[in-house]
Amino acid sequence: MKRSRLKLFKTTSLTISLIGVILILISIGVIAYIGVSGLTNSVSTTVNSGSSYDQLNQLKSEYSNVSEQYLSISDKVSSSSDQNLKTRYNEGKIKLSEANTTLSTIESMINNGKPDNEIQTQVKSAKENLEYVKSNYSNLTTTSK
């Protein structure tokens, strides 16, 4: 009778230990999966933000060029008596300001890890504003000659 209790105790103890080891291994597996998953998301976010930074730098360069062009005709427009010309120039300056604000927003969104689709919407808006300003600049330079 004593031997059977001792054998039962050993079997039970061994079973409990085995279950404990299995649970520890499962826990380590789950933690490893969560870690790898988080790392993968981090890497893909970094890759997406890298291309977004490239687009942002391209837009900033484009903004800088257009802004310089606009400054170059500022004196001509202000000395002109044509109100329509001045109005179009001011509209372009407003769009230029909007583009600058959008570029700041894009940079903030990238730094805060916003989703790529939201960033692309802002990039599209900045491109549209810069295209409008370029077109307006062309019209102003043609008109003011």
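Each value in this text was obtained by applying a stated rule to the coordinates, not by laboratory testing. Everything quoted here is computed from the prediction, not taken from an experiment. Don't worry about glycine lacking a Cβ; one is built from the backbone with ideal geometry, like all the others, and counts go over all protein chains shown.
In this calculation the C-beta distance from Q58 to A32 is compared with R0 = 41 Å, giving a FRET efficiency of 0.55. Taken over the chain, the percentage of Cα pairs per 10 Å bin, counting from 0 up to the bin with the maximum distance, is 10, 25, 16, 12, 9, 7, 7, 6, 4, 3, 2, 0.
Charges at C-beta only: +1 for Lys and Arg, -1 for Asp and Glu. How large is the resulting dipole of the chain about its Cα centre, in Debye rounded to 20?
1420
Dipole orientation for the chain: of the candidates Y89, V66, V123, V123 has the Cα lying most toward the positive pole (charges on Cβ; Lys, Arg +1; Asp, Glu -1). Between helix 116-144 and the chain there is an angle of about 10 degrees, using the helix long axis and the longest principal axis of the Cα atoms. Between the beta carbons of Q83 and T121, assuming R0 = 35 Å, the FRET efficiency works out to 0.50 to the nearest 0.05.
Could you pull out the pairs from K60/K95; K114/K134; K95/K134; K93/K114; K86/K124; K95/K127 whose alpha carbons sit more than 22 Å apart here? Going by Cα-Cα distance, K114/K134; K93/K114; K86/K124 fall outside the 22 Å limit.
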